[in-house]
Amino acid sequence: MFRARHALAAVLAVVVAGSVACSSTPPAPAPDAAGADSSFMVTLERTGCGFRCPVYSVTVSADGVVHYRGRTNVAVAGERVGRVEVDAVRRLRELAGAELWELDDAYQPGRSGCRRWRTDAETTTLTLVLDGRRKTIRAYGGCEALPQAVPRFAALVDETAGTARWVGQGSRL
């Protein structure tokens, strides 16, 4: 049993190392030594719009590590790493409730959930990893029927991660 755990840990280390090399977002943490799945990670990605919307992504991990990548229309371009209190991450995890998991995966013009829209809005992508489950929601901000849970949770991710220090104040239209 002891050898099997070490072999499994070695395989997981190789898989995680390979995914880090091939992925632009940090990998989810592995289960802890007690076997409990302590993984929680949320990634928020904001794309451009018809104006000067900031383009960036931010990932908040269960341990409070924040990975930011600023692209355009941000105060700080490039990658930064920060840290937030674990209690703030716990609060974020609690608010990633059932409502988000029940939403459609995409709210894009012309698709179900977005029959009417306005132009020039940004697209927000939220990816949640929680208790071994993964959910990605891609939401065009101009969709008239976009559930308010999406922009509310995205704003909470920004607030928790403290992205204003890198994105800048007032850069969003």
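Taken together, the values in this text are just the output of simple stated rules run on the coordinates, not laboratory data. A quick note: this is a predicted structure, and the numbers were derived from the prediction, not measured. Neighbour counts are summed over all protein chains in view; Cβ atoms, including those assigned to glycine, are modelled from backbone coordinates with ideal geometry.
Miscellaneous remarks
- Based on every Cα atom in segment 116-156, Rg and the maximum pairwise Cα distance Dmax equal 11.5, 36 Å.
- Taking other C-beta atoms within 10 angstrom as a stand-in for reagent exposure, D104, D120 fall in the order D120, D104, fewest first.
- Those trypsin sites (Lys or Arg not before Pro) in segment 38-109 that DSSP places in a loop and that have at most 15 other beta carbons within 10 Å: R52
- Normalised contact order of segment 32-167, rounded percent, pairs of Cα under 8 Å and 6 or more residues apart: 28
- Cβ-to-Cβ counts within 10 Å put T43, T119 in ascending order as T119, T43, the fewest first.
- Beta bridge orientation in segment 32-167: antiparallel %, DSSP, nearest 5: 95
- Directionally averaged shadow of segment 68-118, computed from the convex hull of its alpha-carbon atoms, nm²: 6.0
- Cubic angstrom per residue, convex hull over Cα atoms of segment 90-173: 95
- For segment 32-167, alpha-carbon Rg and Dmax in angstrom: 15.2, 50
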